[in-house]
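Structure record follows, encoded as structure tokens.
The values are calculated or read from the model by the stated rules, or taken from the named source; none is laboratory data. Model, not experiment: these values are computed from the prediction. So basically every Cβ, Gly included, is an ideal-geometry build from the backbone, and we count neighbours across all protein chains shown.
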């Protein structure tokens, strides 16, 4: 069964309590935390590996999801 993007996003939010964008950001930030703890790579390499290309955007997102 196909559904519209809007329906998918609404159902996704109902199921996860996050928008698709919020969920992706959380997954990327958690992956970055794991890399920071375990990898011997520099910050720029890790940021690119988790899907960010803008250092400022990553930094702002990381600050928002600090736990």
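Of all residues in region 28-48, those that are on the phi < 0 side of the Ramachandran plot have Cβ atoms under 6 Å from Cβ atoms of residues that are modelled with pLDDT of 90 or more and surrounded by fewer than 14 Cβ atoms within 10 Å (Cβ to Cβ), 6 or more apart or on another chain, in 28/51. Only residues that are under 14 Å from the mean Cα position of the chain (by Cα) and surrounded by 13 or more Cβ atoms within 10 Å (Cβ to Cβ) were counted in region 31-44, giving 4.
With respect to the stated conditions, residue 13 is modelled with pLDDT of 95 or more and either in contact with a strand residue (DSSP E or B) (Cβ under 8 Å, 6 or more places away or on another chain) or surrounded by 13 or more Cβ atoms within 10 Å (Cβ to Cβ) (or both).
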